[in-house]
Amino acid sequence: MRNIREAIRRTNPFQKDFTVDAQSILSDLGIASLVADGDLAVTSPITGEVIGRVKQNSTADVDAALGAARTAFATWRNVPAPRRGELVRLLGNRLREKKEALGRLVSLEAGKILQEGLGEVQEMIDICDFAVGLSRQLYGLTIASERPGHRMAETWHPFGVCTIISAFNFPVAVWSWNAALALVCGNAVVWKPSEKTPLTALAVDRIFRDVLDEFGSAPAGLASVIIGGREVGAALVADKRSDIVSATGSTEMGRKVGVAVAQRFGRSILELGGNNAGIVSHTANRDLALRGILFSAVGTAGQRCTSLRRLFVHDSIYDETVARLKELYAKVPVGNPLEQGVLMGPLIDVQAFARMQDALEQAKGEGGKVSGGERVTVKGHENGYYVRPALVEMPSQTEVVLKETFAPILYVMRYSDFDDAIAANNAAAHGLSSCTFTTDLREAERFLSASGSDCGIANVNIGPSGAEIGGAFGGEKETGGGRESGSDAWKAYMRRATNTINYSSELPLAQGIDFNLG
Ligand code: UN1
């Protein structure tokens, strides 16, 4: 192993010490040879420097991948579901072995702190476990028929090819939420990761290739990866052979994907942005609330779909809460996300930084009082876009507050009436996640009720981010309406058939219709 690393080190065109580390992670994951030469440069947000070059796929590759996936599907759908579960069980096992290396690569490529990189791989392992159990529980219903001697049933069948489009911020977990379910449900999968994070995708693909070898009898073409940008993405989405398109990313992207898939009557699962809010009641456990707020607003440098972006604080505790938040914000250790103790890594790239600065300028123009948000220089990584998290006191929900900016900006506002705060929570175009911090049972239940939060995720006494895989994940309105991961989200990956079986020798018609000749 050392010799291989030495050889890579010597031939590595990216000479910095840091990237030598990148090379050793890549060789641990068995993909160093794929990352030496190619037309797509991969930049680590940690250093702002190129850590590898990979080959992009063409639309001809899309055609081949979808063709092979359709062929694989024809076989895979007939493999008993518990046996399909065995493949996913092996994937979970292999991910357990590779957790450290893959978690590091997630940090390196997406810029999230190592704890979160490891957490992301843990989510992959968790969904594999979930899917293995599910492979023995793809239950249908028996339904009472209105006709004598008849039985009705609902059965669930594999759907086809599930095309997964994922974003940079959860570069590997999103694939697994979809793929683990899709595979046990009898589908083939094709994955187009973000062009910002192809290395982690190639590493997962490599892991999965080994798993397929170990499994031994999976059809060729069952799972593939397409590296590239809009052109290959559009080709995947337009193609009828992408029976399901599960897309995670911006609302702008989702609007195009949703329309293109609907036009050909395909099925889409959209998990788009979120402009997630929290309501802090005067009855809240303040210390707990502050910890929850900090993780959700600052964690992943505010680059989760579920990040906390809007905070409504009860008038009576507003000044104290803002003062304490400012203290905490000033203390957040910003730096190299691979270093222990650092809680906030860099933004993904210069565009993300520019969008953050624009939003802060706009906020000032709309009456906001900004603390933090400035660029931070991290020694040795001067080309990375590190910032202090920003806390912005706003007089009300102005235009900028109602816009999702994928950055660590938390807009804070006052409220005096809990129902007004719920209405403010629901005023956003997105409907992904939400929370309230309260110890008042009536407030908590109101928030969760039919006239409460309109989001797909509504939490009490935890922040809006960091969901477990056991629940269905996704949200309403401009979040796209799709559900992934736990609960009965598997149903979106299957085809439902309603069966009526007549075991009598009569032919009574439904609704009592008489249809007899003469
Ligand atoms: C995302 O940002 O795309 O709830 C998903 C969470 C994570 C998923 C985030 N489990 O924060």
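Read-outs throughout are calculated quantities, based only on the coordinates presented, and are distinct from any laboratory measurement. Please read all numbers here as calculations on a predicted model, not as lab measurements. Every residue, glycine as well, gets a Cβ built from its backbone with ideal geometry; the counts of neighbours run over all protein chains shown.
Applying the Karplus relation 6.51 cos²θ - 1.76 cosθ + 1.60 with θ = phi - 60° to the range 286-294 yields 3J(HN,Hα) values of 5, 5, 4, 4, 4, 5, x, 5, 4 Hz, where x marks Gly and Pro.
Could you order the peptides 379-389, 42-52 from most to least packed, using the average number of other C-beta atoms within 10 Å per residue? Write down the numbers at each step before the final one.
Numbers: 379-389: 18.8, 42-52: 22.4.
Ranking the peptides 379-389, 42-52 by packing returns 42-52, 379-389.
Across the cross-link table entries Lys256/Lys477; Lys112/Lys196; Lys196/Lys379, which are compared at the Cα atoms, the separations over 19 Å belong to Lys196/Lys379.
Residues Cys128, Cys162, ranked from the fewest to the most other C-beta atoms within 10 Å, line up as Cys128, Cys162.
Restriction of the chymotrypsin sites (Phe, Trp or Tyr not before Pro) in the range 88-190 to DSSP coil positions whose beta-carbon has at most 13 other beta-carbons within 10 angstrom yields Tyr139. Taking amide H as placed 1.01 Å from N in the peptide plane, Val387 has its amide H under 5 Å from the amide H of Leu347, Val376, each at least 5 places away in sequence or on another chain.
Helical runs assigned H by DSSP (4 residues or longer) give the chain a calculated mean residue ellipticity at 222 nm of -12500 deg cm²/dmol, each run adding -39500 (n - 2.57) before division by the residue total.
Distance between the pseudo-spin-label points of Glu445 and Asp37 (7 Å out from Cα toward the beta carbon): 6.9 nm. Take the Cα coordinates of the chain, assign each an equal point scatterer, and use the Debye formula without solvent to give log10 I(q)/I(0) at q = 0.05, 0.12 Å⁻¹. Result of the Debye calculation: -0.22, -1.11. Please report the net charge: other residues with Cβ closer than 11 Å to the Cβ of Gly456, K and R +1, D and E -1. Cβ neighbours under 11 Å give a net charge of -2.
Between Lys240 and Val376, the simple label model (points 7 Å from Cα in the Cβ direction) yields a spacing of 5.4 nm. Annotation: for a label point projected 7 angstrom from Cα along Cα→Cβ of Ala262, residues of the range 420-439 with backbone N closer than 20 Å are 429-432. What the phi angles of the range 501-518 give under the Karplus curve with 6.51, -1.76 and 1.60, with θ = phi - 60°, is a coupling list of 10, 9, 10, 9, 10, 9, 10, x, 9, 5, 6, x, 5, 9, 9, 10, 6, x Hz, glycine and proline written as x.
Express in nm, to one decimal, how much length is gained between Asn502 and Glu339 on full extension, taking 0.36 nm for each residue of separation and deducting their alpha carbon distance.
Values: separation 163, 0.36 × 163 = 58.68 nm, distance 6.69 nm.
Gain in length upon complete extension: 52.0 nm.
Between Ser217 and Leu517, full extension at 0.36 nm per residue minus the direct alpha carbon distance yields a gain of 102.5 nm. This model, with +1 at the C-beta of Lys and Arg and -1 at the C-beta of Asp and Glu, gives the chain a dipole about its Cα centre of some 1020 debye. For the pair Ala510 and Asp488, a Förster radius of 25 Å applied to the C-beta separation gives a FRET efficiency near 0.35, rounded to the nearest 0.05.
Work out, step by step, the length gained on full extension between Ile143 and Glu252: first 0.36 nm times the residue separation, then minus their alpha carbon distance; give nm to one decimal.
On the way: separation 109, 0.36 × 109 = 39.24 nm, distance 4.13 nm.
Extra length available between Ile143 and Glu252 comes to 35.1 nm.
Run the numbers on the range 276-468 and let me know its relative contact order in percent, using alpha-carbon pairs under 8 Å that are six or more apart. Before the final figure, lay out each step's value.
Numbers: 383 pairs, mean separation 59.0, N = 193.
For the range 276-468, the relative contact order is 31 percent.
Among the GluC sites (Glu not before Pro) in the range 221-314, none sits in a DSSP loop with a Cβ that has at most 15 other Cβ atoms within 10 Å. Computed from label points 7 Å out along Cα-Cβ, the spacing between Asp21 and Asp349 is 2.3 nm.
Among DSSP bridges having both ends in the range 276-468, what percentage is antiparallel? Round to the nearest 5.
Working: 5 of 28 bridges.
Around 20 percent of the beta bridges assigned by DSSP in the range 276-468 are antiparallel ones.
For the range 276-468, the residue among Gly335, Gln397, Leu360 whose Cα projects farthest onto the positive side of the dipole built from Cβ charges is Gly335. Checking every one of the chymotrypsin sites (Phe, Trp or Tyr not before Pro) in the range 289-354 against DSSP loop status and a limit of 13 other Cβ atoms within 10 Å picks out no site at all.
Once divided by 2.2 N^0.38 Å, the Cα radius of gyration of the range 276-468 becomes 0.98.
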